[in-house]
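First the structure, in the form of structure tokens, and then the observations on it.
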Amino acid sequence: MVLMAPVSAMAEEEAAAAATPDFEYLDMKPLVLPIITEKGLTQQVSLVISLEVPYGTKDKVKAMEPKLADAYISDLYGALGTGHGLMKNNVIDIPAIKARLSKNTVKVLGPDKVNDVLLQVVQQSQR
């Protein structure tokens, strides 16, 4: 005969805590940005951004997605057209874009609301 010891409530809580991830991901709608220079429309850039947020806060951040997208577009639109260090040899500088997106995320949401801004897809097409 095998005797099973009852699982303590403390052990159940520890198991549940261990199963809960630290972060979850919010996949934003793709952003499409025209690059307009003195020559007119020269390129188009598409970005797919995912935000790494603390577990349980995804819905709160999702509610701010339109405001975040607006901040991203407003900042990158002019910066891409004038250069401002976002292009190297006519190619998007991914680390510079990510840094700007991270900075704008903190401006809109405040500190410690997003752990990381991830660029899932970056497409650049010449016109």
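The values are calculated or read from the model by the stated rules, or taken from the named source; none is laboratory data. All values reported here derive from a predicted model rather than from experimental measurement. When we count neighbours, we look across all protein chains shown, and the Cβ atoms used for this are built from the backbone with ideal geometry, even at glycine.
A few comments on the model shown:
- Verdict on residue 42 being in contact with a helix residue (DSSP H, G or I) (Cβ under 8 Å, 6 or more places away or on another chain), hydroxyl-bearing (Ser, Thr, Tyr) and over 25 Å from residue 115 (Cβ atoms): no
- Checked against (1) in a helix (DSSP H, G or I); (2) under 26 Å from residue 22 (Cβ atoms); (3) of a type in the set (D, E, K, R), residue 75 passes all but condition (2).
- Of all residues assigned to segment 79-87, none qualifies as being modelled with pLDDT of 90 or more, in contact with a helix residue (DSSP H, G or I) (Cβ under 9 Å, 6 or more places away or on another chain) and not aliphatic (A, V, I, L, M).
- Breaking point among (1) of a type outside the set (Lys, Arg); (2) modelled with pLDDT of 95 or more; (3) under 14 Å from the mean Cα position of the chain (by Cα), for residue 55: (3)
- In segment 71-127, the residue that is surrounded by the fewest Cβ atoms within 10 Å (Cβ to Cβ) out of those that are on the phi < 0 side of the Ramachandran plot and acidic (Asp, Glu) is 116.
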